[in-house]
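Below: the structure, in structure tokens.
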Amino acid sequence: MKKVFQMFDQGKTGYVECNKFVNILNTLGQAFDEDELKARIAENDPNQEGKVDFERFCAIVMPFLEEDDDEAMHEELKEAFRLYDKGGDGYITTQTLKEILKELDNKLTDEDLDGIIDEIDEDGSGTVDFDEFMEMMTGE
């Protein structure tokens, strides 16, 4: 973020002008709602100076970036789940999940894996649906 800030702080004043945020978000390839952007600018430039420092710059830009990251991660996890849900049944077996976890971290013991599975498969069904999978992968 510091590099992006510096790129738009051409005069090296330690501030970026508020009228550059549309250009900044476009440069970063971010979709955004103009009203939401205006509200964030107003919130972070309460004295209407027309410029913000690095901290306030981040407060304006970061929420737009985080939303995108969450959506991208959700899509990647959905795709990963689909790869292992070979029958298209909407679940994977706990055995398949153990294999995935073992691939991700080969230091996990069978005991560790059983503990993780017990925590995820709360109903003891021997299967994990997409919501349980998401919760495990994101902690949400």
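The values are calculated or read from the model by the stated rules, or taken from the named source; none is laboratory data. Everything numeric here is computed off the predicted structure, so don't read it as measured data. For neighbour counting, all protein chains shown are included, and Cβ atoms are generated from backbone atoms with ideal geometry for every residue, glycine included. The accessibility values were calculated without ligands, DNA or RNA, using every heavy atom of the protein model including side chains. Shrake-Rupley method; radii C 1.70, N 1.55, O 1.52, S 1.80 Å.
Among the residues of region 1-29, those identified as among the β-branched types (Val, Ile, Thr) and within 16 Å of Ala42 (Cβ to Cβ) are Val16, Val22. Of all residues in region 45-67, those that are under 15 Å from Lys20 (Cα atoms) and either over 23 Å from the mean Cα position of the chain (by Cα) or not in a helix (DSSP H, G or I) (or both) total 7. Looking across region 3-51 at every residue that is farther than 16 Å from Pro63 by Cβ, basic (Lys, Arg) and in contact with a helix residue (DSSP H, G or I) (Cβ under 7 Å, 6 or more places away or on another chain), the one that is most open to solvent (accessible area, probe 1.4 Å) is identified as Lys51. Taking region 64-97 as the range and being surrounded by 13 or more Cβ atoms within 10 Å (Cβ to Cβ) and either among the hydroxyl-bearing types (Ser, Thr, Tyr) or farther than 29 Å from Glu122 by Cα (or both) as the test, the residues that pass are Phe64, Leu65, Glu67, Asp68, Tyr84, Tyr91, Thr93, Thr94, Thr96. For region 72-110, residues that are part of a helix (DSSP H, G or I) and of a type in the set (Ser, Thr, Tyr) total 3.
For region 112-139, a residue qualifies if it is in a helix (DSSP H, G or I) and under 21 Å from the mean Cα position of the chain (by Cα), and the qualifying residues are Phe130, Asp131, Glu132, Phe133, Met134, Glu135, Met136, Met137, Thr138.
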